[in-house]
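To start, the structure under review is shown below, and the notes come after it.
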Amino acid sequence: MQLFNQIKEEEGVDFIHTSTKDSVNINKLLKMLSESCPTKFKTVGAWVMIGGIPNIGKSTLINSLRAKDPVIGVNRSNRSGARTGGQPCLTKSISGFKIVSDPALYLVDTPGIFLPEIPDGSEAGLKLAAIHAIRDGILDD
């Protein structure tokens, strides 16, 4: 935690530890997003983008945030949210999802951001494979 506080002080980066599995700090994240990105025009709402390496839970986080809204959470079906799964690289294109109904707040889901090339035999490639950030078959066994 000390390292995170140091990053916050030196870099001015806000962060919140979350868990979609246990719904930890999801409401706190919603509040932070609403305060950081106020809606200027009711017809357009506020738009925020989420990014990161593949398979870290960007789409799962979107679905957890959507479930907290009283209107969206009740009216959503299993197909209405971001597509999720156990394999990396399921998100193939950029998509926007409404996470708060009033005032409107949208979160843009993006495919995983990744290095264009992984050198053969690199330790970085092994680490990415170990945390399931890359699909099976990308690296040789």
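The values are calculated or read from the model by the stated rules, or taken from the named source; none is laboratory data. Source: prediction; values computed, not measured. Here the Cβ positions follow ideal geometry from the backbone for every residue, glycine too, while neighbour counts run over all protein chains shown.
Odds and ends about this structure:
Okay, residues lined up against (1) touching a residue at least 40 places away in the same chain (Cβ under 8 Å); (2) among the polar types (S, T, N, Q):
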| site | (1), (2) |
| --- | --- |
| LEU3 | no, no |
| PHE15 | no, no |
| ASN25 | no, yes |
| LEU30 | yes, no |
| LYS42 | yes, no |
| TRP47 | yes, no |
| ILE62 | yes, no |
| GLY96 | yes, no |
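- Count - residues of segment 57-74 that are hydrophobic (A, V, I, L, M, F, W, C) and modelled with pLDDT under 85: 1
- Given (1) of a type in the set (A, V, I, L, M, F, W, C); (2) surrounded by 11 or more Cβ atoms within 10 Å (Cβ to Cβ); (3) over 16 Å from VAL108 (Cα atoms), index of the condition ILE56 fails: (3)
- Positions within segment 10-48 being charged (D, E, K, R), modelled with pLDDT of 85 or more and outside any loop (DSSP other than H, G, I, E, B), in sequence order: GLU10, LYS28, LYS31, GLU35
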